[in-house]
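What follows is calculated from the coordinates using simple rules that are stated; it is not laboratory data. Predicted, not measured: the structure shown is a model, and the values here were computed from it. Every residue, glycine among them, receives a Cβ derived from its backbone with ideal geometry; neighbour counts consider all protein chains shown.
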Amino acid sequence: MIEKLCMVIIFVGAAVGVGIYCRRTTGSVDGFVLGGRNVGPWMSAFAFGTSYFSAVIFVGYAGQFGWKYGIAATWIGIGNAILGSLLAWWVLGPRTREVTHRLGASTMPEFFGARYRSKGLRIAAAAIIFVFLIPYTASVYNGLSRLFGMAFGLPYEVCVIGMAVITCIYVVLGGYMATVMNDFIQGIVMLAGIVAVIVAVLANNGGFTEAITSLSLIPAEGSEMAGPFVSFFGPNLPDLIGVVILTSLGTWGLPQMVQKFYAIKSGPAIKQGAIISTVFAMVVAGGSYFLGGFGRLYGGQVEMTAAGAPVYDSIIPTMLSTLPDLLIGIVIVLVLSASMSTLSSLVLTSSSTLTLDLIKDNVVKDMSEQRQLGCMRVLLVAFIAVSAALALVQYTSSITFIAQLMSISWGALAGAFLGPFFWGLYSRRVSRAGVWASFVVGVGLTTGNMIAGLAGTPLIASPINCGALAMVLSLIVVPAVSLVTKRVPFEVDPVHGEGAIDREYACELELDADEETCVGAHPRS
């Protein structure tokens, strides 16, 4: 107990110390929200990875999908590394850094407002973020309850309030730089912790070969496949693909993930960050899902519902309960790291979005920079308090709506934003109608499916597959609708670089373009 307490105390002290150290970077809105857009590749990569993988992944998803798909669940981690990290950095990173810097955008709604010249889109995007990030934030606490109960015998309420207070202190004090510096420290803990836990769990089951052999003897419900949980693609390939798409492609449209590209240094930092982030994801995500794949070896110890189904959140804690105290302490710090890094990223995104995109110029006119900073700090505290309260309400009552809303948050957010953000960076032929259509499809499909599910008749049985479909549709709907509606001019030409002008639009809108340039560009010429 003393060893575990000491590890947690050291971790907490380091987090608060970093917040105090980073106070000097928070004198401006740009510094508080984006660290002055001068964050190096290592910190940016670790911030991306630690925001990506929280206790929801390690405790919830790894246990649930490892139970369902066995070792094949490792493909989810590989997809997260390749599609969710490497390709996201390569495709979105450089262009996001360049365009948001020129447009002066600090948040995703601000990008939509400037790129598509629409105050309505900016406000709508901010509202979507507010609605769907709060329940996701509340869910981050849930992975801690069983682990802290196992290790310390502490009630869930103490764990939630403690994590909320610590995160609140260092984010309010140090802003984005405190978040990314703590993410770097927490990321190192996560890397070391996941490797140590995998080795220990396999050793407890007689080593890798013995564990695989034991797992191969377990049948899958409703499947005639021999050794389904050690097969290459598992017992249910279509659903596995849906999980890969949701958890990987989702990072391309989530505001708290994309914002990491706003803040990174220009030049080679993005290429370096892509490699670092991919390796991090391969170890942490791949390792978590690989570990979860052995969950059925503990089938006799896992907590079950009255209907005989496993309580998925209990699978990983059950596996870890057999470890030595020192390793349990490492796991506690690992999960605390994953939770606090994600929580800090979510509340910083929420507070900055609400301040800059809803309150500034709409509720409060001529809002000074110091008032903006003060408002963001107040909202940070409010968001953390509300998310903690929601987590406590969900835990202590029979209300399940919060958990259900959280389960669709990734699908709703990325389903609404992925297409408008991606095509907005690379295409000059996007219309406002196309963006609005994506917002409606992303939010409408996922929430509609949830409401239909509450009535017992879901449109798509799996909310995960529904979220994955919403993301794919977003990429299709935006260009399809834009083909038949008036596009928005993009003065930052994605081909010719800074200072270039879309000449066709200069003619269309009668901007600074001579007659020779306009010949053949538009019917009016």
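Each Lys and Arg contributes +1 and each Asp and Glu -1, all at the Cβ; summed about the Cα centre of the chain, the dipole is approximately 480 debye. Kirkwood-type hydrodynamic radius, the chain: 23.7 Å, calculated from all non-identical alpha-carbon pairs. Note on residue 322 and residue 5: their simple-model spin labels are 2.9 nm apart, each label 7 Å out from Cα toward Cβ.
Taking 0.36 nm per residue of separation and subtracting the Cα-Cα distance, full extension of the segment from residue 472 to residue 369 would add 33.2 nm.
Over 27 Å between Cα atoms, which of 119/271; 271/360; 260/360 qualify? Can you show the working numbers first?
Working: 119/271 34 Å; 271/360 35 Å; 260/360 23 Å.
In this structure, 119/271; 271/360 exceed 27 Å between Cα atoms.
Could I have the simple spin-label model distance between residue 213 and residue 237, label points 7 Å from Cα toward Cβ, reported in nm to one decimal? Rounded to a tenth, the inter-label distance reads 2.9 nm. Taking Cβ atoms as reference points and 15 Å as the exclusive limit, the residues near residue 309 contribute a net charge of -1, counting Lys and Arg as +1 and Asp and Glu as -1.
Compute the helix-to-body angle for 369-396: its Cα long axis versus the longest principal axis of the chain, expressed 0 to 90° and rounded to tens. Helix 369-396 sits roughly 40 degrees off the main axis of the chain. Calculated on C-alpha atoms, the gyration radius of segment 226-307 divided by its Kirkwood radius gives an Rg/Rh of 1.11.
If eta is 0.692 mPa s and T is 37 °C, what Stokes-Einstein diffusion coefficient results for segment 107-266, Kirkwood Rh from Cα pairs, in µm²/s?
Details: Rh = 20.3 Å.
My calculation gives 161 µm²/s for D.
In sequence order, segment 270-279 has phi-based couplings of 5, 5, 5, x, 4, 5, 4, 4, 5, 4 Hz under the Karplus curve 6.51 cos²θ - 1.76 cosθ + 1.60, θ = phi - 60°, and Gly or Pro positions carry x.
Going by C-beta contacts inside 10 Å, put 366, 30, 361 in order with the fewest on the left. Write out the running numbers ahead of the final one.
Numbers: 366 7, 30 18, 361 13.
Neighbour counts put them in this order, fewest first: 366, 361, 30.
Between the Cα long axis of helix 87-103 and the first principal axis of the chain there is an angle of about 40°, rounded to the nearest 10. Gyration tensor analysis over the Cα atoms of segment 26-118 returns equivalent ellipsoid semi-axes of 32, 15, 13 Å (largest first, whole Å).
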